[in-house]
Amino acid sequence: LGILNSKLVECFIKILSPTIDYHEGPMSRLPIIFPSYEAIKTLIDTLAEECIQISRRDWDSFETSWDFQLHPLLQHKTDGRISSAFNSWKSHTESQFNQLKSNEEELNRLFIEIYDLSDELTPEVEDKDITIRKADLERDVKSFLSYAVGCMMGRYSLDSPGLIYAGGTFDPSKYKTFPADDDGIIPVLSADWFDDDIVARFIDFLRVTFGSENLYENIDFIASVLGKTDNETSRERIRKYFLNDFYKDHVRIYQKRPIYWLFTSGKNKAFNALIYIHRYDKSTIAKMRIDYLHELQGRLEIAEKHARENLAQMKD
């Protein structure tokens, strides 16, 4: 793996297979020279293994990895502020990025010496060729919201790392710190008409994970990252993200194979609800229709009636 990821093989493979057909034929013809000294071989093995571990940790920090354990902002929580957690995560990713780059350049240097190609190649690696990701404020805050939805749905739990539920018998007892939604149906509406409204539950998730002391500061921080304007509150900005953009981001991240499905009444978005495909059963649609859609219609009718009565009183 050390040599296959080196600049030498990048050069060799273009000669052996100029059509970019990297099957076992050209790969088996790569000239492999083993180092003369065991100490050099050990160093190469150590650097390669460290590169593997850095790359694996990077991959596993995103929920699309099978080995995803816990969101990075929770892993790097230093106090009750999300901004501090992000700064810690940012410092960690930059350190890992620089270490991987340093390792790859050292491996290139060692292989260039072994092959006696110092007149042909240099060991330097450009930043664009380092494939692990640095911290990105908008992406990482949005992924934190996605992780929160996963905890609401029961996919993840704050009590245990990794994937908790992806089919089989659902066990509510695994979610003591932050209870999973009872029915796996999360309403996404323009106002908090239900107790399990997605914004209300996210604020609760934020309170549980980062505490109450800096709750409003954290809400404001997240809203600002999501593009809050001066004429809207922080909660309104978060609600607009869930209402208009969350599902589009989710579909993109899961490459058009979403694990949460959005049920919507149409382009005006009067009624929307998310479900988790692994908690979908024969009663889900009926429950959504009766407990949420019909209930919302009833509450809207009452609100309209009160508004008309208030308007009539104002005219009188």
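The values are calculated or read from the model by the stated rules, or taken from the named source; none is laboratory data. Computed from a predicted model, the values in this text were never measured in an experiment. Neighbour counts run over all protein chains shown; Cβ positions are idealised from the backbone, glycine included. Each accessible area value is taken on the protein alone, full model and side chains, heavy atoms only, with ligands, DNA and RNA left out. Shrake-Rupley method; radii C 1.70, N 1.55, O 1.52, S 1.80 Å.
Things to note:
- With the charge dipole of region 1-83 set up from +1 on Lys and Arg Cβ and -1 on Asp and Glu Cβ about the Cα centre, the Cα lying farthest toward the positive end among the listed residues 4, 16, 32 is that of 16.
- Take each peptide in 65-76, 113-124, count the other Cβ atoms within 10 Å of every residue, and average; sorted highest first, the result is 65-76, 113-124.
- Three-way shape label, region 191-316, alpha-carbon gyration tensor, a/c 1.5: oblate
- Shape category assigned to region 68-207 from the gyration tensor of Cα positions, a/c cut at 1.5: prolate
- Within straight-line cross-link reach of residue 240, lysines at Cα separation under 23 Å, skipping those fewer than 8 residues along the same chain: 142, 228, 248, 256, 267, 269
- Positive end of the dipole of region 245-316 (Cβ unit charges, origin at the Cα centre): among 265, 251, 311, the Cα lying farthest that way belongs to 251.
- The chain - charge dipole about Cα centre, Lys and Arg +1 at Cβ, Asp and Glu -1, debye rounded to 20: 1300 debye
- Zero-based 10 Å bins, Cα pair distances in the chain, whole percents: 5, 20, 25, 18, 14, 11, 4, 2, 1, 0
- For the listed peptides 198-204, 31-37, a ranking on the average number of other beta carbons within 10 Å per residue, highest first, reads 198-204, 31-37.
- Rounded accessible area per residue of the chain, 1.4 Å, Å²: 57 Å²
- Nearby lysines by direct alpha-carbon distance to residue 305 (threshold 18 angstrom, same-chain neighbours under 8 apart not counted): 315
- Peptides ranked, highest mean first, by Cβ atoms within 10 Å: ranges 137-143, 305-311, 94-100, 211-217: 137-143, 94-100, 211-217, 305-311
- If only the Cβ of Lys and Arg carry +1 and only the Cβ of Asp and Glu carry -1, the dipole of region 187-292 around its Cα centre is close to 740 debye.
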